[in-house]
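Some notes on the structure that comes next.
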Amino acid sequence: MKEFNPHDSVQFIYEKAPDYAKAKGELAQLEVFKHSLKAIKMAQADGASIAAKEMEAYRSPEYQELCKAIGTATEQAEKLKWQLEAAKMRFEAWRTEQANNRQIEKMTT
């Protein structure tokens, strides 16, 4: 097993943080746009009642594509989030190991 370098974890977090921020921003933008798209599609619908217009808006291809895009953006954001969390956990495990090693050294010297 190769020696763990804690700087690799810190560097990974540093490099991936902008990607995570971008993914979260895109997800937020898509979530907000979902309401706008629904309103646009309801305004274009021919139904007499609000329920009929809402149904038309939800079944439009554009709304369905947006829902898929939200799913993809969520997947990307979650993947990056857990990669960052794993890097933090690796670093914390290394810190704990180092502290334990120092304690063992103190007890044996």
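The values are calculated or read from the model by the stated rules, or taken from the named source; none is laboratory data. Note that this is a predicted model, so its numbers are computed, not measured. In this analysis, Cβ positions are derived from the backbone assuming ideal geometry, glycine residues included, and neighbour counts consider all displayed protein chains.
Side notes on the structure shown:
- Listed by first and then second residue, the pairs linking a residue in region 37-49 that is touching a residue at least 60 places away in the same chain (Cβ under 8 Å) to a residue that is among the charged types (D, E, K, R) and exposed (fewer than 11 other Cβ atoms within 10 Å of the Cβ), with Cβ atoms under 7 Å apart and 6 or more places separating them unless they lie on different chains, form an empty list.
- Residue list for region 29-46, restricted to those being surrounded by 17 or more Cβ atoms within 10 Å (Cβ to Cβ) and closer than 25 Å to residue 80 by Cβ: 30
Residue-wise test of (1) surrounded by 11 or more Cβ atoms within 10 Å (Cβ to Cβ); (2) outside any helix (DSSP H, G or I); (3) out of contact with any Ser or Thr (no Cβ under 7 Å at 6 or more places or on another chain).
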| site | (1), (2), (3) |
| --- | --- |
| 48 | no, yes, yes |
| 51 | no, no, yes |
| 57 | yes, no, yes |
| 69 | yes, no, yes |
| 77 | yes, no, yes |
| 80 | yes, no, yes |
| 83 | yes, no, yes |
| 94 | yes, no, yes |
| 103 | no, no, yes |
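- The sole residue among 26, 62 that is exposed (fewer than 14 other Cβ atoms within 10 Å of the Cβ) and touching a helix residue (DSSP H, G or I) at 6+ places or on another chain (Cβ under 8 Å) is 62.
Conditions tested, residue by residue: (1) within 19 Å of the chain's Cα centre (by Cα); (2) closer than 25 Å to residue 6 by Cα; (3) at pLDDT 95 or above; (4) among the hydroxyl-bearing types (Ser, Thr, Tyr).
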{"position": "46", "(1), (2), (3), (4)": "no, no, no, no"}
{"position": "54", "(1), (2), (3), (4)": "no, no, no, no"}
{"position": "70", "(1), (2), (3), (4)": "yes, no, yes, no"}
{"position": "75", "(1), (2), (3), (4)": "yes, no, yes, no"}
{"position": "86", "(1), (2), (3), (4)": "yes, yes, no, no"}
{"position": "97", "(1), (2), (3), (4)": "no, yes, no, no"}
